[in-house]
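The values are calculated or read from the model by the stated rules, or taken from the named source; none is laboratory data. Bear in mind the structure is a predicted one, so any value in this text is a computation, not a measurement. Every residue, glycine as well, gets a Cβ built from its backbone with ideal geometry; the counts of neighbours run over all protein chains shown.
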Amino acid sequence: MTQDLFYSICGIALFGIGLYGLLIPPHILQKILAVNVMGTGVFMVLIATAQSRAPAIDPVPHAMVLTGIVVAVAGTALALSLVCRIYALSDDTEQDAGR
């Protein structure tokens with residue numbers, strides 16, 4: 001098993017774990033964490049495919065991943081601030097499924 005295949009499999013596994021965490025738990029903070037785990041899985045797959053494609057390392061996929069990390073941090077900060085506002089208004093951070 002090559003290193004890029006190992007990183008791709010780990011990235012796909014992280015994406016699956018994040019998808020499970022996004023769909024199953026009712027708490028909003030767990031969903032935000034699950035989205036971050038999914039993003040990490042996507043970043044791992046992108047890096048693995050960038051290294052397996054060419055003998056010379058292409059800097060464009062690496063730059064895209066770095067940009068994605070910055071966007072993910074900004075999105076997480078926005079989501080957490082929205083959760084704080086929701087909690088301040090309603091004292092409830094769980095999604096009401098049919099209630």
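Return the only residue of VAL35, VAL73, VAL45 being hydrophobic (A, V, I, L, M, F, W, C) and farther than 30 Å from ILE86 by Cβ.
Working: VAL35 fails: farther than 30 Å from ILE86 by Cβ; VAL73 fails: farther than 30 Å from ILE86 by Cβ.
Answer to the check: VAL45.
Mind telling me which of the residues LEU14, LEU22, LEU46 ends up being under 12 Å from the mean Cα position of the chain (by Cα) and modelled with pLDDT under 95?
On the way: LEU14 fails: modelled with pLDDT under 95; LEU46 fails: under 12 Å from the mean Cα position of the chain (by Cα).
Just one listed residue meets the conditions, LEU22.
Based on this model, can you work out whether ILE9 counts as hydrophobic (A, V, I, L, M, F, W, C), over 22 Å from VAL71 (Cα atoms) and part of a helix (DSSP H, G or I)? Steps first, please.
Details: hydrophobic (A, V, I, L, M, F, W, C): yes; over 22 Å from VAL71 (Cα atoms): yes; part of a helix (DSSP H, G or I): yes.
Yes, satisfied.
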